[in-house]
Amino acid sequence: MDELEPSFTPGEILSDELEARRWSTARFAETLGRTVEATSAILEDRTEISVEIADDIGQALGTGPELWLNLQEIYRNRYTDTDHRPVPA
């Protein structure tokens with residue numbers, strides 16, 4: 001069996017960004033206009049980043065939505081054809 005290279009999930013990258021900004025999940029949720037539970041699901045990769053979510057994240061962080069959509073697409077494509085998905089931390 002081929003070993004998969006380690007990779008980061010969109011939620012992990014987003015969590016790192018929030019940590020660098022010293023934003024709590026609650027603060028980010030408020031900025032997104034979402035509940036803490038819904039925001040936690042994004043950060044824990046239990047919810048995929050949709051166009052709408054990417055728009056909200058991009059606006060909140062000043063990155064634009066493309067970054068978050070691309071990260072989600074890369075993650076989805078990498079693991080769609082395998083039974084291997086990294087377990088979010």
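Every number here is computed from the coordinates shown, using simple stated rules; none is lab data. The structure displayed is predicted, hence computed values, not measured ones. Cβ atoms come from the backbone with ideal geometry, glycine included; neighbour counts cover every protein chain shown.
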Gained length - Thr35 relative to Thr47, 0.36 nm times residue gap less alpha-carbon distance = 3.0 nm
Stretch Tyr79-Ile13 to full length: gain in nm at 0.36 nm per residue minus the Cα-Cα span?
-> 22.1 nm
DSSP loop trypsin sites (Lys or Arg not before Pro) in region 12-58 with at most 13 other Cβ atoms within 10 Å of their Cβ, which ones?
-> Arg22, Arg46
